[in-house]
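Novice: One structure, pasted below without further comment.
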Amino acid sequence: MKALTGVRILDFTHVQSGPTCTQLLGWLGADVIKVERPGVGDATRKQLVDIEGADSLYFTMLNHNKRSLTLNTKNETGKQVLERLIKECDVMVENFAPGALDRMGFSWSKIQELNPRMIMASVKGFGPGPYEDCKVYENVAQCAGGAASTTGFLDGPPLVTGAQIGDSGTGLNLALGIVAALYQRVQTGRGQKVLAPMQDGVLNLCRVKLRDQQRLLQGPLKEYSQYSDGIEFGEATPRAGNDSGGGQPGRILKCKGWETDPNAYTYFITQAAVWKNICDVIGKPEWKEDPDYATPPARLPRLNEVFDAIEQWTMTKTKYEVMDICNPLDIPVGPILSMKELSEEASLRETGTVVEVDHPERGAYLTVGCPIKMSDSQAEVTRAPLLGEHTDEILKDVLGYSEDDIFAIKESGAV
Ligand code: COA
């Protein structure tokens, strides 16, 4: 028994945002039926292929714990099969381009007519407004949601981040909306529409930058390096490099080996509560009582000097030594870990955050496991399905078609 045992998901998602959502629901125990176009499937199956003939890692890493059913929903028999699926499922999830479901003949009113308990969940690039008809991919969402304008260095162009906050981030929002709608349905008996726009999701994650936009009206943002550098602020929240977004100033600093190792760096936070410990560690005990350095407001105009001094110390240590020394003193620091280091980290394997999965076409590969840990609903990662691997099984067991029916459905070209 898992948290979502008994919940059946009709998964019309593709690429990254929608599949992130349904994979999470699968980890939590839902029965996820992924509907794919016959002979084609989710486009990512054949994108960024690393092993000829095998489904890509892009696809497999987003589609664990799902069953694959091929179905041409533009074919008449295919539409009839889809109608039966809608009646049998609790949740329908999709992230087609705007209007695609309506064009397919499955508007929200038609879906409600078929199954009033259905929860219809969608990811779109934008919510209602001037851009609602636009197609959107990850980086477009990062740009339109405010992340790019506030990421990067002051003297460089806007930057996108490696974390897929537009796609995977929005998928997580959608999953939460679905679970909340399932809970509400227990009280009302009715389904509802759940919409998670990518722009909204990115902006939500950038709230500290919207905070700073309003703080700018009251004067310069004193914790930004720009203030220490004496550079005037403009009208919009600027890019702030690696400055901390919170009230405790922090930066990325070089560690021993930085000349040759691109990840020999640490994040270092000058938390006010442990300032004296920091002064002792970096060999500046005189800063503990000096009125120019002793309090957070006094340090704000001198942050560059403060972090230069800390970096002189971190450069004499590896990023792990910095952690070993600072942690017992309650100084918040964090090593810059590479994907190589993370993939080899034993503790992440033990908690199931990184898992090795076996696949019939590609052999063993690494993937991420469920990032949410529940004491009574443990997520086991099962491999992503091959295209149409469960078509017969679903037609028979979920929809109750006979062998003859299935033969006729196949003859029609619907699956
Ligand atoms: N049987 C028959 N037709 C199917 C089908 C099936 N099983 N599954 C999909 N299709 C059709 C759709 O109905 C659509 O047809 P239409 O254009 O005639 O209406 C067509 O396939 C293509 O779907 P679409 O969603 O437009 O794919 P795309 O590759 O052109 O665009 C995106 C991809 C991601 C840009 C777009 O889907 C989108 O903007 N989605 C919303 C935002 C989003 O989630 N973006 C992040 C992706 S990670």
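The values are calculated or read from the model by the stated rules, or taken from the named source; none is laboratory data. Predicted model only: the values in this text are computed from it and were never measured. Here the Cβ positions follow ideal geometry from the backbone for every residue, glycine too, while neighbour counts run over all protein chains shown. Protein only, heavy atoms only, side chains kept; ligands, DNA and RNA dropped before computing areas. Shrake-Rupley method; radii C 1.70, N 1.55, O 1.52, S 1.80 Å.
Novice: Taking Gly125 as the residue in question, decide whether it is in contact with a Cys (Cβ under 7 Å, 6 or more places away or on another chain) and within 11 Å of the ligand (Cβ to nearest atom).
Specialist: Criteria met by Gly125.
Novice: So, in the stretch 113-122, of the ones that are surrounded by 13 or more Cβ atoms within 10 Å (Cβ to Cβ) and either farther than 17 Å from Pro19 by Cα or modelled with pLDDT under 95 (or both), which residue ends up farthest from the ligand (Cβ to nearest atom)?
Specialist: Across the stretch 113-122, the extreme among qualifying residues is Arg117.
Novice: Residue under question is Gly177, and the condition is that it be within 16 Å of the ligand (Cβ to nearest atom), free of Cβ contacts under 8 Å to residues at least 60 places away in the same chain, under 23 Å from the mean Cα position of the chain (by Cα) and within 25 Å of Leu85 (Cβ to Cβ); does it hold?
Specialist: yes
Novice: Another question, then. Whether any residue in the stretch 177-186 is of a type in the set (Lys, Arg) and assigned to a helix (DSSP H, G or I) is what I want to check.
Specialist: So far as the stretch 177-186 goes, yes, one or more of its residues are of a type in the set (Lys, Arg) and assigned to a helix (DSSP H, G or I).
Novice: Restricted to the stretch 335-371, and to residues that are hydrophobic (A, V, I, L, M, F, W, C) and free of Cβ contacts under 8 Å to residues at least 60 places away in the same chain, which residue is most open to solvent (accessible area, probe 1.4 Å)?
Specialist: Met339
Novice: From Asp133, Asp212, which residue is more than 27 Å from Gly29 (Cα to Cα), open to solvent by 20 Å² or more (accessible area, probe 1.4 Å) and of a type in the set (Asp, Glu)?
Specialist: Result of the check over Asp133, Asp212: Asp133.
Novice: Another question, if that's okay. Which residues, counting only those in the stretch 145-159, are open to solvent by less than 40 Å² (accessible area, probe 1.4 Å), of a type in the set (Gly, Ala, Ser) and in a helix (DSSP H, G or I)?
Specialist: Ala148
Novice: Considering only the stretch 280-320, how many residues are among the acidic types (Asp, Glu), more than 18 Å from Pro249 (Cα to Cα) and open to solvent by less than 70 Å² (accessible area, probe 1.4 Å)?
Specialist: Total meeting the criteria: 1.
Novice: Follow-up question, since we're still on this one. Give the number of residues within the stretch 245-262 that are in contact with a Lys or Arg (Cβ under 8 Å, 6 or more places away or on another chain), open to solvent by less than 50 Å² (accessible area, probe 1.4 Å) and under 16 Å from Pro335 (Cβ atoms).
Specialist: 1
Novice: What are the residues in the stretch 225-244 that are open to solvent by less than 40 Å² (accessible area, probe 1.4 Å), in contact with a Leu (Cβ under 9 Å, 6 or more places away or on another chain) and in a loop (DSSP other than H, G, I, E, B), if any?
Specialist: Phe233, Thr237, Pro238, Ala240, Gly241, Asp243
Novice: Also: Hey, does the stretch 325-334 have a residue that's touching a Lys or Arg at 6+ places or on another chain (Cβ under 9 Å) and either open to solvent by less than 30 Å² (accessible area, probe 1.4 Å) or within 30 Å of Val81 (Cα to Cα) (or both)?
Specialist: Looking through the stretch 325-334, at least one residue is touching a Lys or Arg at 6+ places or on another chain (Cβ under 9 Å) and either open to solvent by less than 30 Å² (accessible area, probe 1.4 Å) or within 30 Å of Val81 (Cα to Cα) (or both).
Novice: Still on this structure: Restricting attention to the stretch 130-147, which residues are in contact with a helix residue (DSSP H, G or I) (Cβ under 9 Å, 6 or more places away or on another chain), away from the ligand (no atom under 13 Å from the Cβ) and not hydrophobic (A, V, I, L, M, F, W, C)?
Specialist: Gly146
Novice: Hey, could you check the stretch 253-282 for residues that are among the hydroxyl-bearing types (Ser, Thr, Tyr) and not in a loop (DSSP other than H, G, I, E, B) and say which is farthest from Pro297 (Cα to Cα)?
Specialist: Checked the stretch 253-282; the qualifying residue farthest from Pro297 (Cα to Cα) is Tyr265.
Novice: Every residue in the stretch 3-25 that is surrounded by 20 or more Cβ atoms within 10 Å (Cβ to Cβ) and part of a loop (DSSP other than H, G, I, E, B), please.
Specialist: Selection gives Leu4, Val7, Thr13, His14, Gln16.
Novice: Being on the phi < 0 side of the Ramachandran plot and either open to solvent by less than 80 Å² (accessible area, probe 1.4 Å) or polar (S, T, N, Q) (or both) narrows it down to one residue among Gly177, Gly189; which is it?
Specialist: Matching residue, one of Gly177, Gly189: Gly177.
Novice: Okay, next question. Show the residue pairs meeting these rules: Cβ distance below 8 Å; 6+ apart or different chains; first residue within the stretch 159-170 and within 12 Å of the ligand (Cβ to nearest atom); second residue at pLDDT below 95 and of a type outside the set (Phe, Trp, Tyr).
Specialist: Once the first residue is within 12 Å of the ligand (Cβ to nearest atom) and sits in the stretch 159-170, no partner that is at pLDDT below 95 and of a type outside the set (Phe, Trp, Tyr) comes close enough.
Novice: Go through the stretch 227-244 residue by residue and tally those that are out of contact with any Phe, Trp or Tyr (no Cβ under 7 Å at 6 or more places or on another chain) and within 20 Å of Phe268 (Cβ to Cβ).
Specialist: 5
Novice: Can you tell me which condition Ser402 does not meet? The list is (1) over 30 Å from Lys79 (Cβ atoms); (2) open to solvent by 30 Å² or more (accessible area, probe 1.4 Å); (3) among the hydroxyl-bearing types (Ser, Thr, Tyr), and all the others hold.
Specialist: (1)
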